[in-house]
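*Asks:* One structure, pasted below without further comment.
The values are calculated or read from the model by the stated rules, or taken from the named source; none is laboratory data. Every value quoted in this text rests on a predicted model; they were computed, and no experiment measured them. Note that we place each Cβ from the backbone using ideal geometry, even for glycine, and neighbour counts take in every protein chain shown. Accessible surface is based on the protein model in full, side chains and every heavy atom, while ligands, DNA and RNA are left aside. Shrake-Rupley method; radii C 1.70, N 1.55, O 1.52, S 1.80 Å.
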Amino acid sequence: MDPERMRLVDDIFNDALDTPAEERDAFIVKACAGDASLEAEVRELLAMDDEAEKKSFMNKAIINLTQTGLGEGDEIGSYQIIKPLGEGGMGQVFLAQQTEPFQRRVALKVIKLGMDTRQVLNRFKVEQATLARLNHPYIAQVYDAGATERGQPFFVMEYIQGVPLADYCDHNRLTLQQRLELFVQILDGVQYAHQRGIIHRDLKPANILVTTKEDKPLPKIIDFGIAKSTTGDEPTQRTVTSFLPQGSMNLTSTGLVVGSVGYMSPEQACMGADDVDTRSDIYSLGAILYELLTGERPLGGMVDPQTPWDEIFRIIREKDPRRPSTQITGDPKAQELAASRGEQLKHLRKQLRGDLDWITMKALEKDKERRYDAASAMAEDIRRYFRNEPVTAKPPSLSYLLSKLFQRHKAAFAGGVLVILALVLGIVGATTGAVRARKAQLKAEAEAAKVLQTQDILDAFLSSPDPTQMGREVTMLELLDAFTEKLEKGELEAAAGADPEVLAGVQFTLSDTYKNLGEHQKAAELVQKALDIRREVLGEDHPDTLKAASHLASIYYYLSRTADAEALIDRTLAAQIAVLGERHRETLRTLNVKAMVLGRRNRKQESLELHQKVYRIRKQTLGPTHPETLQSMNNLAVRYKVLEKMEESEALLREIVRLRAQELGPKHKDTLQSVQNMVNQLYRTGRYKQALAMNQENLARRIEVLGPNHPETFLTADMEGILLIAMNRPKEAVALYQDLYQRALTALPAGHAIVRQTNNNLANALNKLGRNEEALKLLQDIHEAHGKLEGVNHPTTLLYAANLAYQLYSMDRIQASISMGEDILPRLMEHVGPNKVLTFNALENLILAYEKAGDLVRAEARRRQSLDLYREHRKPNYPKLARGEKHLGLLLAKLGNREAALAYLRQAVARQEKALKPGSKLLEATRAALAELEGEPND
Amino acid sequence: MTGKDITLLLQDWQKGDEAALEDLMAAVYSELHRISKNYISRERSGHTLGPTGLVNEAYFRLIDHNRITWQNRAHFFGVAAQVMRRILINYARERNTAKRGGGVMVLSLDNVTDAAEEEGIDLEALEEALNALGEVDQRKARIVEMKFFAGMNEKEISEALSVSSATIRREWRTARAWLFRFLKEGSDGS
């Protein structure tokens, strides 16, 4: 039978089954419309169906992978199943009759999924004694545990004929006061268990059933301690079970995780980090209170069943819920909500605002140290609220808010933009107030300290985006620009109380931020202004003036204004040594810049020695693990590399990894960054296999520590792709990049540079696979997008352009490739530099394109140009130089200039003889080319 | 194969890359084999690991739980159903040809084959029938597989195959009648 006909049979057969027996015959006749064989087939299948049904043919699965396979009437030990009560991801819950030693109804929970039987049982045996002693009116008793014949663990619990908490409150239209009273009872039950060392781990309204006793609500917390005993030790187990809600009785598998979102504490939403304690339950209780008050789960609106787990986790860890009073303000059903609590909306909001907001939010703190340390403390605060006494939960102070914003910004770069705005504007206000206070000489000491502190936070905060680690953040830049513009217009000067010192401080900080974002021109302008102010107000030799000068010198370095940098450094250094001494931190910074400038001037040995000196003093004065000491080590590693002392360089990089791991822990993000530097070193020195292994490990850690969607994680994943391409495994690279791209779309802000970077590498991999059209399209897109954002002459835009030219070349679109190459070459020389590999490669590609087009004359001219660049900017043993000379020789031979050709080929052989091992294939090939030309008759 | 790879394969398969299925099955199969071997070497109590425990353990080992959605879960069990079908038919064949002891999977499949016998189902004949059905209508064969060899419910199957539960229910009914006839004719004929 063909598939088409099968579908037809399918439809008629099933429709017939759905048709009442007396009309069925007529239906079939009509539906088959005279097709006798169709009619026969349908009738036959109906007959078969009838027989199969009678015999219960295949009605029962012979293997049950997803179900417990238990049902009504089944016996498990001394329990007989009466009916199923509910189903969750981890298990099925049945109502069962216990027959021995006495008759009673119990709730029987059978664990069905992925649980290692022996492990669960062993753990449960340990827990069971404690759980059995858990005897409290508000906690459902756990009686027994065991394993079914098929080895599935089960738990036997007190059967509660109750209603889930939230339903109970809403159906009975409990007032705010009644809800809070009921909640305090729950807290008492939790406190009782916590005192016995038992954590629930999955508290949520569905796990709190409410029954009625003497007309009063009686809460019963179910599943206490069960989550713990079903949580294994192995990482694979832990990652799964630590967040799966074992007690979910009424949730479908799809709703499983979603059902727990908002109740799960941030530490439980952390991969691998198992530092769950009683305060994790406090968080869940805070979430339950939140829902009782507002009718919404905290964060509940941010996820849906399609949200992947990692995204849900990120939200739990990073997003703050709105305060309850704010939440109901934004709720369209607020009137109804208030009514169901027996309140006017206005009145409800007023009641929530203040104490109840603070109590709820204190329990929901991301940092468990800031939560209530016990359920009883939370209960006591609610009782204080009842008695109209001040509660211990307080609105957060300004400095706390600032530090929190700062932390969050560091942890979650992508979400930080609005935070920065708030902070930048907020800080100026705070600073201003403080400055005025100081001027009025009110509490002068304390306020001055506050100014400094605030300034420190501003410094640290705004300096934190580091493009070398995080990729460039466009929106951050725009924000800074807007802020700087305000500053220029004098709007903020007025706000700063016209205090030039404060203004200079803000300018300095902004400059530092621009510097970190790679916007050196703006950074220079701003710090120049700060420097002018400080010179005028504080004098030439004031430490702050010198600091600004030193900073400007380092920016000159990055702007390649090396002579300006040198002049400024010499003056500044002399003054700093006189005023502060040679070992002062600021002096050392200037020395560090000086060492960098020496390196630029190719005074390699002096540069190395100065770096060594700065490193030595920093180590002594700041300690071996201070960030600036580590910066020195890093700079030294770079110098060693330049001097081709690879072993020393690598040893330093390893030492940085070791120090950071020791000081900050192996999983600290800075440690991971230094591992990444190590990977880059391995990659650059061609040790791909080692690099890949190390990178994969680092990737796993970054996912664990920073989350899968953090820009740094993306960069590590990106590196994996680069390595795969280098190892000629483009297929894997393509898969990786496609996945990365999908995730980047949702995880990173639109237009994030990493997305383009990823796509650039994807294009590279696709090119290797011969999937040229796809690669071309990608490159065109990112080239255009980057050009729009950063300008057509931005180095990265030019990189994409160069790749595009190469892609066109790969596709034999030679003329297009040539005109692209000609177009970008002068721009590369100007904006990227004549000494950069990117410029070299673009030129090499252009030469190849001319040659392929048969334009040997132009190929020769460009070849000579590239050789000039190599000779000027690289050492005589630079491999491309010899190869280029060989190529020029071959070109000249084709052009009929035999003498010149021979000269270049001999030159290439001579170079390669020096640089390469005897017998090198490359060398042999060059020799062969020379020999061939020598052998040809001279015409 | 890592959890990440498996998850990627699942996603590929979900997107319609049928080649990914073979890789998936191979990965699941070898993981099952590995677990059951480990299990045997560790186990002393004589407790046997049933297919459910085995597959679920494989699920937790194979899947990258950071990235999976519940739809992937259904897909995974869809693959496992096919693997179980293969394992079971191999086992039944070996049992029927009295070559016991050399079975690939050292786990308690006797219960399963016994259960099939009790239900009057000849696994080898069913395999033939299912193959025939698959030639006419691939999806119906898959539905039978998931329902019969994995105990997946309509909702789970609908997630795995991305069609409505109603379609699953209807196609199952037709498939069952179709298989019943095939088996009946086969036994009548022989």
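*Asks:* Just the residues that are open to solvent by less than 20 Å² (accessible area, probe 1.4 Å), among the β-branched types (Val, Ile, Thr) and under 30 Å from residue A:344 (Cβ atoms), please, taken from segment A:145-188.
*Replies:* Scanning segment A:145-188 gives A:184, A:186.
*Asks:* How many residues does segment B:149-178 contain that are at pLDDT 90 or above and within 7 Å of chain A (Cβ to nearest Cβ)?
*Replies:* The total comes to 7.
*Asks:* Out of A:862, A:858, A:911, which single residue is in a helix (DSSP H, G or I), of a type in the set (Lys, Arg) and either surrounded by fewer than 20 Cβ atoms within 10 Å (Cβ to Cβ) or not assigned by TED's automatic domain parsing to the domain that holds residue A:822 (or both)? I'd like the intermediate steps shown before the answer.
*Replies:* Working: A:862 fails: either surrounded by fewer than 20 Cβ atoms within 10 Å (Cβ to Cβ) or not assigned by TED's automatic domain parsing to the domain that holds residue A:822 (or both); A:911 fails: either surrounded by fewer than 20 Cβ atoms within 10 Å (Cβ to Cβ) or not assigned by TED's automatic domain parsing to the domain that holds residue A:822 (or both).
It is A:858.
*Asks:* Being of a type in the set (A, V, I, L, M) and part of a loop (DSSP other than H, G, I, E, B) is the filter; apply it to segment A:35-67 and report the residue that is farthest from residue A:16 (Cα to Cα).
*Replies:* A:65
*Asks:* Yes or no: residue A:591 of a type in the set (A, V, I, L, M, F, W, C), modelled with pLDDT of 95 or more and within 23 Å of residue A:615 (Cα to Cα)? Walk me through it before giving the result.
*Replies:* Values: of a type in the set (A, V, I, L, M, F, W, C): yes; modelled with pLDDT of 95 or more: yes; within 23 Å of residue A:615 (Cα to Cα): yes.
In short, yes.
*Asks:* Of the conditions (1) assigned to a helix (DSSP H, G or I); (2) open to solvent by 40 Å² or more (accessible area, probe 1.4 Å), residue A:524 fails just one. Which one is it?
*Replies:* Residue A:524 satisfies all of (1) assigned to a helix (DSSP H, G or I); (2) open to solvent by 40 Å² or more (accessible area, probe 1.4 Å) except (2).
*Asks:* Restricting to segment A:532-554, give me the number of residues that are in a helix (DSSP H, G or I), more than 12 Å from residue A:594 (Cα to Cα) and in contact with a helix residue (DSSP H, G or I) (Cβ under 6 Å, 6 or more places away or on another chain).
*Replies:* Residues in segment A:532-554 being in a helix (DSSP H, G or I), more than 12 Å from residue A:594 (Cα to Cα) and in contact with a helix residue (DSSP H, G or I) (Cβ under 6 Å, 6 or more places away or on another chain): 12 in total.
*Asks:* Something else: It is to be established whether one or more residues within segment A:894-902 are of a type outside the set (Gly, Ala, Ser), outside any helix (DSSP H, G or I) and open to solvent by 50 Å² or more (accessible area, probe 1.4 Å).
*Replies:* First, the residues of segment A:894-902 that are of a type outside the set (Gly, Ala, Ser): A:894-895, A:897-899, A:902.
Subset that is outside any helix (DSSP H, G or I): A:895, A:897.
From the residues that got through so far, the ones that are open to solvent by 50 Å² or more (accessible area, probe 1.4 Å) too are A:895, A:897.
The answer is yes, given that some residue of segment A:894-902 is of a type outside the set (Gly, Ala, Ser), outside any helix (DSSP H, G or I) and open to solvent by 50 Å² or more (accessible area, probe 1.4 Å).
*Asks:* Which residue out of A:231, A:252 is more than 23 Å from residue A:171 (Cβ to Cβ), surrounded by fewer than 24 Cβ atoms within 10 Å (Cβ to Cβ) and either modelled with pLDDT under 80 or away from chain B (no Cβ under 14 Å) (or both)?
*Replies:* A:231
*Asks:* Which one of these is assigned to a helix (DSSP H, G or I) and open to solvent by 60 Å² or more (accessible area, probe 1.4 Å): A:667, A:689?
*Replies:* Exactly one residue qualifies, and that residue is A:689.
*Asks:* Quick one: how many residues across segment A:558-585 are of a type in the set (D, E, K, R), touching a residue at least 12 places away in the same chain (Cβ under 8 Å), assigned to a helix (DSSP H, G or I) and surrounded by fewer than 18 Cβ atoms within 10 Å (Cβ to Cβ)?
*Replies:* 2
*Asks:* Which is within 17 Å of residue A:817 (Cβ to Cβ) and exposed (fewer than 15 other Cβ atoms within 10 Å of the Cβ), of A:875, A:852?
*Replies:* A:852
*Asks:* Continuing with this model, one more query. Please pick out the residue among B:151, B:134 that is open to solvent by less than 60 Å² (accessible area, probe 1.4 Å) and outside any helix (DSSP H, G or I).
*Replies:* B:151
*Asks:* Which residues, counting only those in segment A:761-778, are in a helix (DSSP H, G or I) and open to solvent by 40 Å² or more (accessible area, probe 1.4 Å)?
*Replies:* Within segment A:761-778, A:764, A:768, A:773, A:774, A:777 meet the criteria.
*Asks:* Next up: Scan segment B:154-167 residue by residue and report those that are of a type in the set (A, V, I, L, M, F, W, C) and crowded, with 24+ Cβ neighbours inside 10 Å.
*Replies:* Within segment B:154-167, B:157, B:160 qualify.
*Asks:* If you don't mind, another one. Given the residues A:40, A:33, which is the only one that is modelled with pLDDT of 90 or more and open to solvent by 50 Å² or more (accessible area, probe 1.4 Å)?
*Replies:* The unique qualifying residue is A:40.
*Asks:* Working only within segment B:127-152, note down all residues that are out of contact with any helix residue (DSSP H, G or I) (no Cβ under 7 Å at 6 or more places or on another chain) and over 18 Å from residue B:167 (Cβ atoms).
*Replies:* Of everything in segment B:127-152, those that are out of contact with any helix residue (DSSP H, G or I) (no Cβ under 7 Å at 6 or more places or on another chain) and over 18 Å from residue B:167 (Cβ atoms) turn out to be B:128, B:131, B:135, B:151.
*Asks:* Only one residue in A:676, A:631, A:662 is more than 20 Å from residue A:594 (Cβ to Cβ) and surrounded by 15 or more Cβ atoms within 10 Å (Cβ to Cβ). Which one? Spell out how you get there, then give the answer.
*Replies:* Numbers: A:631 fails: more than 20 Å from residue A:594 (Cβ to Cβ); A:662 fails: surrounded by 15 or more Cβ atoms within 10 Å (Cβ to Cβ).
Result: A:676 is the single residue among A:676, A:631, A:662 that is more than 20 Å from residue A:594 (Cβ to Cβ) and surrounded by 15 or more Cβ atoms within 10 Å (Cβ to Cβ).
For every residue, the table says whether it meets (1) farther than 27 Å from residue B:153 by Cα; (2) at pLDDT 90 or above; (3) open to solvent by less than 60 Å² (accessible area, probe 1.4 Å); (4) within 14 Å of chain B (Cβ to nearest Cβ).
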position: A:3; (1), (2), (3), (4): no, no, no, yes
position: A:7; (1), (2), (3), (4): no, no, no, yes
position: A:13; (1), (2), (3), (4): no, yes, yes, yes
position: A:29; (1), (2), (3), (4): yes, yes, no, no
position: A:50; (1), (2), (3), (4): no, yes, no, yes
position: A:74; (1), (2), (3), (4): no, no, yes, no
position: A:92; (1), (2), (3), (4): no, no, yes, yes
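*Asks:* What do you reckon, is residue A:61 at pLDDT 85 or above, open to solvent by less than 60 Å² (accessible area, probe 1.4 Å) and under 44 Å from the mean Cα position of the chain (by Cα)?
*Replies:* No.
*Asks:* Outside any helix (DSSP H, G or I) and modelled with pLDDT under 95: does that describe residue A:781?
*Replies:* For residue A:781, the condition - outside any helix (DSSP H, G or I) and modelled with pLDDT under 95 - is not met.
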